[in-house]
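Scroll down for the structure; my scribbles are underneath it.
Please treat every number below as a calculation from the coordinates, not as lab data. In this text, all values refer to a predicted model and were calculated from it rather than measured experimentally. Backbone-built Cβ (ideal geometry, glycine too); neighbour counts: all protein chains shown.
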Amino acid sequence: MSILEFVSRINPVAASGAVLVLVGVWGVLARPNLFKIAIATSVLETGVNLVILSTGYIRGRTAPILDSAADASTAAARMTDPVPQALVLTAIVIGLAVTALQLSYAVRLRAAGGGSSIESYGDEKW
Amino acid sequence: MMRRVLVFLAVAGLAAALLPLALGTGVPEAPGALATAYLEDAPGDFGAANVVTAIVVSYRGFDTLGEVAVLFAATAGVGAFLTRKRLGIGDAEPADKPAATEILVTATGLLTGLLVMFGVYIFLHGHLTPGGGFQGGVVIATALLLGLLARPESKLSHGILSAVESLSGAAYVGMGLAGAFLAWGFLDPRVLPLGRIGSLVSAGSIPVIYSLIGLKVGAELSGILDALKGDRE
């Protein structure tokens, strides 16, 4: 398989999502700073959302909204899969709120005199 | 050293797991049976032009109620963590924050009304266009964020925020119960006439429910922004 053939098979949405997932997982596992862990989780979420979205995209089809491009009778033949889009739609806002919760937890730990590094909470391990 | 190896192994394993997806395997040529049923039935069942909205608000409406509850829990958590007492600020006068620039203050005055209107437009047209309660709620929260940036010393009215949030949440559950008693199931939008596909007043109670979600999400995210300022009592 030539390199060109390999590149042409890559799904751009899923590939960029996969890269974001890997960056996010590495950030969560390898960075000690609590704030960086929160941002890494956010990056991870974005990647997961992109990967989920990519599984519903079908080349050459239109968005799952009835208009002049597709009416009710041709919907199933002309539209992309709406289920992943519905899943991701709510996940984005939930992700935002969870990031805010993580960050406020980190701020609270800092304000109580702890460090921003997860290493300084070794006694919290179970 | 051991930890680095483990992290590398975890990332490499995940990369191997994601590789088939990135190469486009698993992407079907046509939507699956469930998606096909949604695409074919949504216009007839609920009169919603936007099939994604029909899934989010009606077919999987119970999940959406749960997700709104998760959002509420996260907001409550942020509000509980970031009070003045917990942050150790106490009653001390806040340090003088630099005043916002005139550009920001003027732009805020011009944009706030437009942003709120745009947010309301997005959630009212959720059953017709790509949009809905979650997106519209976020746009409304950005209007309040602008206001907080332009006047750092201002405080959002807690009472109004909680009133909007709890009333819209209760009305959401109320619409769901109305569906259970007047139509065929919990959150069934057929309690109101379905109307003609593509008109603003159509799709039964879907626009009503999505507007309530929009108000709730807007109030919750505004509450998060207010709490993140860190000067709550």
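Things to note:
- Selected residue [touching a Lys or Arg at 6+ places or on another chain (Cβ under 9 Å) and outside any loop (DSSP other than H, G, I, E, B)] from B:Ser168, B:Ser211, B:Ser202: B:Ser168
- The set of residues in the stretch A:65-92 that are of a type in the set (Val, Ile, Thr) and more than 19 Å from B:Ser58 (Cβ to Cβ) comprises A:Thr74, A:Thr80, A:Ile92.
- In this structure, B:Phe81 does satisfy being facing chain A (nearest Cβ under 9 Å) and either without any contact (Cβ under 8 Å) to a residue 24 or more places away in the chain or over 14 Å from the mean Cα position of the chain (by Cα) (or both).
Table: residues versus (1) of a type in the set (A, V, I, L, M); (2) within 17 Å of B:Val208 (Cβ to Cβ).
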{"residue": "B:Pro152", "(1), (2)": "no, no"}
{"residue": "B:Leu156", "(1), (2)": "yes, no"}
{"residue": "B:Gly159", "(1), (2)": "no, no"}
{"residue": "B:Tyr172", "(1), (2)": "no, yes"}
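- Any chance A:Gly60 is out of contact with any strand residue (DSSP E or B) (no Cβ under 9 Å at 6 or more places or on another chain), surrounded by fewer than 20 Cβ atoms within 10 Å (Cβ to Cβ) and more than 30 Å from A:Ser116 (Cβ to Cβ): yes
- Per-region count, the stretch A:65-89, residues without any contact (Cβ under 8 Å) to a residue 24 or more places away in the chain and either assigned to a strand (DSSP E or B) or hydroxyl-bearing (Ser, Thr, Tyr) (or both): 7
- Matching option when the condition is buried (at least 17 other Cβ atoms within 10 Å of the Cβ), small (Gly, Ala, Ser), within 27 Å of B:Val7 (Cα to Cα) and more than 10 Å from chain B (Cβ to nearest Cβ), among A:Ala100, A:Ala38, A:Ala106, A:Ala30: A:Ala38
- Scanning the stretch A:1-35 for residues that are in contact with a strand residue (DSSP E or B) (Cβ under 9 Å, 6 or more places away or on another chain) and either within 14 Å of B:Leu18 (Cα to Cα) or part of a helix (DSSP H, G or I) (or both) turns up just one, A:Leu34.
- Failed item in (1) outside any helix (DSSP H, G or I); (2) more than 22 Å from A:Thr90 (Cα to Cα), with B:Leu149 passing the rest: (1)
- A:Ala106 vs. criteria more than 23 Å from B:Gly126 (Cβ to Cβ), touching a residue at least 40 places away in the same chain (Cβ under 8 Å) and either of a type outside the set (Val, Ile, Thr) or in a helix (DSSP H, G or I) (or both): yes
- When every residue of the stretch B:42-57 is checked against the conditions, at least one turns out to be of a type in the set (S, T, N, Q) and either surrounded by fewer than 16 Cβ atoms within 10 Å (Cβ to Cβ) or not in a helix (DSSP H, G or I) (or both).
- The stretch B:122-143: number of residues that are over 20 Å from B:Leu161 (Cα atoms) and away from chain A (no Cβ under 12 Å): 2
Condition check ((1) more than 25 Å from B:Val56 (Cα to Cα); (2) crowded, with 17+ Cβ neighbours inside 10 Å; (3) touching a Cys at 6+ places or on another chain (Cβ under 7 Å)) across all residues:
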residue	(1), (2), (3)
B:Thr75	no, yes, no
B:Val120	no, yes, no
B:Leu124	no, yes, no
B:Gln135	no, yes, no
B:Gly147	yes, yes, no
B:Leu156	yes, yes, no
B:Gly159	yes, no, no
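- In the stretch A:2-27, the qualifying residues are those that are buried (at least 17 other Cβ atoms within 10 Å of the Cβ), facing another protein chain (nearest Cβ under 7 Å) and without any contact (Cβ under 8 Å) to a residue 24 or more places away in the chain, and the one that is farthest from A:Arg59 (Cα to Cα) is A:Trp26.
- Among the residues making up the stretch B:143-186, those that are of a type in the set (S, T, N, Q) and out of contact with any Gly (no Cβ under 9 Å at 6 or more places or on another chain) are B:Ser157, B:Ser166.
- Some residue of the stretch A:42-64 being at the interface with chain B (Cβ under 7 Å from one of its Cβ atoms), part of a helix (DSSP H, G or I) and within 30 Å of B:Ala80 (Cβ to Cβ): no
- Condition check for A:Val83: farther than 26 Å from B:Leu65 by Cβ, surrounded by 15 or more Cβ atoms within 10 Å (Cβ to Cβ) and either more than 10 Å from chain B (Cβ to nearest Cβ) or among the β-branched types (Val, Ile, Thr) (or both): no
- Taken over the stretch A:63-80, the criterion of being crowded, with 19+ Cβ neighbours inside 10 Å and within 28 Å of A:Gly95 (Cα to Cα) is satisfied by A:Pro64, A:Ile65, A:Met79, A:Thr80.
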